[in-house]
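Visitor: Submitted below is the structure of interest, expressed as structure tokens.
Readers should treat all values here as calculations from the given coordinates under stated rules, not as data from a laboratory. All figures in this text were calculated on a predicted structure; none of them were measured in a lab. Using ideal geometry, Cβ is built from the backbone for each residue, glycine included, and neighbour counts are taken over all protein chains shown.
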Amino acid sequence: MMTWPKQSEVLSGRSVYGNPKSRTPGVSSAKWEAENLVYVKAPFVMTFAGQKLTSGMKVHRHCAASLARIMDAIWAASGKDQKVIDHWGLSIYSGGHVFRLMRDGVALSMHSYGCAVDFDRARNDLFDRTPRFAEFPEVLKAFADEGWRWGGDWNGNGSSADERRADGMHWQATA
Ligand SMILES: [Zn+2]
């Protein structure tokens, strides 16, 4: 299993994910993006905002191979059946790298570092303590086997602002 940095280390800007901030508040560093972001394609069909996702998922290069292995494991667990993937909701991509703040309005979201991905937001929304992904242990296992943390486990006891509310659509490559 990969060893991921803690979220607090990521937020320091000194982890393997680097520092995506630029001199302009609210704007990602173009240099950091060019040096670090890559696209990962799943072996099944995905949509984003209702359109077929042709580019792949935009994430940090440091966790890209791991995300590809997760998608391969989920594809194998589905019996390589797109209908099963659709049923699980993994074919509904809800976003990877996006430069934005956490809900506390201060710290950057893990999405800003490219180490977080969201799926099927409509059925696994923020604050939902019974996210639909909980019904599919094959999906949870594939991410857990690679050491990714699931936001569906966050129940209000976390130490960071993000971890204080359930986020069942969300996985991140942090310890
Ligand atoms: Zn997310």
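Visitor: Mind checking which residues of segment 1-50 are surrounded by fewer than 14 Cβ atoms within 10 Å (Cβ to Cβ) and in a helix (DSSP H, G or I)?
Guide: If the condition is that a residue be surrounded by fewer than 14 Cβ atoms within 10 Å (Cβ to Cβ) and in a helix (DSSP H, G or I), then 8, 12, 30, 31, 34, 35 are the ones that fit.
Residue by residue, here is whether (1) closer than 24 Å to residue 152 by Cβ; (2) in contact (Cβ under 8 Å) with a residue 12 or more places away in the chain holds:
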position	(1), (2)
12	no, no
44	yes, yes
71	yes, yes
75	yes, yes
84	yes, no
98	yes, yes
115	yes, yes
120	yes, yes
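Visitor: Looking at segment 61-120, which of the residues that are in contact with a Gly (Cβ under 7 Å, 6 or more places away or on another chain) and of a type in the set (D, E, K, R) is farthest from the ligand (Cβ to nearest atom)?
Guide: Step by step, filter segment 61-120, then rank; the result is 120.
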